[in-house]
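Novice: Before I ask anything, here is the structure I am working with.
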Amino acid sequence: MASESDVPFDSEADGLSELSILGYPETRRKFIKQVAGTSAAIAIGPNLLSAASLDQAGATSAGGAASDSVEVNLKINGKDYALDVDPRVTLLDALRERLHLTGSKKGCDHGQCGACTVLVNGRRINSCLSLAVTHEGDEITTIEGLANGDELHPMQSAFIEHDGFQCGYCTPGQICSAVACVKEAANG
């Protein structure tokens with residue numbers, strides 16, 4: 001025996017104030033509930049599925065990260081450092097997070113602002129765009145390495161003397177860039 005909702009009906013014959021959707025009786029209230037439930041499932045469903053896949057991906061990558069690390073030897077500010085890093089780690093992240101040399105700043109993370117500028121073999125680079133593993137054996141100088149003990153580098157002194165700080169966030173990158181710029185001009 002079929003249930004009431006499974007049997008098509010003729011709404012004109014019954015004279016009911018119900019909608020006939022695909023030949024089945026529907027009240028407006030039941031129809032609105034079904035539409036609201038379907039809409040919620042459509043809106044929330046993909047977010048729930050993607051959150052579950054992100055959790056699984058995070059667990060997978062966290063488990064594999066330790067085995068994927070690479071040893072890199074960096075010479076920073078005249079000191080040698082041996083680090084085990086993920087091959088995708090930028091030079092900036094290695095400096096700031098692993099070596100706690102926080103003078104170089106993370107600004108835009110796209111190489112546009114220059115707050116992350118450091119000197120590599122005397123040339124200025126955006127350390128946020130450069131992988132740490134590519135600098136094996138390079139001479140890296142950060143803002144912390146420009147000064148000679150308590151004596152500031154002449155460019156640092158000039159920035160102080162001429163009040164070139166602005167807000168100060170990107171000043172270390174500007175100073176490193178200015179040092180390289182002057183050297184480049186002197187070398188022709």
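The values are calculated or read from the model by the stated rules, or taken from the named source; none is laboratory data. The shown structure was predicted, so the numbers you read here are calculated from the model rather than taken from an experiment. As a convention, Cβ positions derive from the backbone with ideal geometry for all residues, glycine included, and neighbour counts pool all protein chains shown.
Novice: Would you point out the residue of the stretch 102-155, among those that are under 19 Å from the mean Cα position of the chain (by Cα) and among the hydroxyl-bearing types (Ser, Thr, Tyr), that is surrounded by the most Cβ atoms within 10 Å (Cβ to Cβ)?
Specialist: That would be Ser127.
Novice: Considering only the stretch 131-178, how many residues are touching a Ser or Thr at 6+ places or on another chain (Cβ under 8 Å) and either of a type in the set (A, V, I, L, M, F, W, C) or closer than 20 Å to Thr90 by Cβ (or both)? Write out each step before concluding.
Specialist: Within the stretch 131-178, the subset touching a Ser or Thr at 6+ places or on another chain (Cβ under 8 Å) is 131-132, 142-143, 159, 164-165, 172-174, 176-177.
Now drop any that are not either of a type in the set (A, V, I, L, M, F, W, C) or closer than 20 Å to Thr90 by Cβ (or both), which leaves 131-132, 142-143, 159, 165, 172-174, 176-177.
The number of residues fulfilling the criteria is 11.
Novice: Out of (1) polar (S, T, N, Q); (2) assigned to a loop (DSSP other than H, G, I, E, B); (3) under 25 Å from Pro87 (Cβ atoms), what's the single condition that is false for Thr134?
Specialist: Unmet for Thr134, out of (1) polar (S, T, N, Q); (2) assigned to a loop (DSSP other than H, G, I, E, B); (3) under 25 Å from Pro87 (Cβ atoms): (2).
Novice: Of the residues Lys33, Lys75, Lys106, only one is outside any loop (DSSP other than H, G, I, E, B) and modelled with pLDDT under 95; which? Show your work before the answer.
Specialist: Details: Lys75 fails: modelled with pLDDT under 95; Lys106 fails: outside any loop (DSSP other than H, G, I, E, B).
Answer to the selection: Lys33.
Novice: Looking at (1) on the phi > 0 side of the Ramachandran plot; (2) surrounded by 14 or more Cβ atoms within 10 Å (Cβ to Cβ), which is the one condition that is false for Asp93?
Specialist: It fails just one condition, (1).
Novice: Residue by residue through the stretch 85-113, note down the ones that are touching a helix residue (DSSP H, G or I) at 6+ places or on another chain (Cβ under 9 Å) and of a type in the set (Asp, Glu).
Specialist: Asp86, Asp93, Asp109, listed by residue number.
Matching residues to (1) free of Cβ contacts under 8 Å to residues at least 12 places away in the same chain; (2) not charged (D, E, K, R):
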| residue | (1), (2) |
| --- | --- |
| Lys79 | yes, no |
| Leu83 | no, yes |
| Val89 | no, yes |
| Leu92 | no, yes |
| Leu99 | no, yes |
| Gln112 | yes, yes |
| Cys116 | no, yes |
| Asn126 | no, yes |
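Novice: To continue, here is another question. Between a residue in the stretch 152-170 that is part of a loop (DSSP other than H, G, I, E, B) and any residue that is hydroxyl-bearing (Ser, Thr, Tyr) and surrounded by 13 or more Cβ atoms within 10 Å (Cβ to Cβ), which pairs come within a Cβ distance under 9 Å, given they are 6 or more apart or on different chains?
Specialist: That search, which allows pairs on different chains as well, returns Gly164/Thr171; Phe165/Thr171; Cys170/Thr117.
Novice: For Tyr24, all conditions in the list (1) modelled with pLDDT under 95; (2) touching a Gly at 6+ places or on another chain (Cβ under 7 Å) hold save one; what is the number of the exception?
Specialist: Going through the list (1) modelled with pLDDT under 95; (2) touching a Gly at 6+ places or on another chain (Cβ under 7 Å), Tyr24 breaks only (2).
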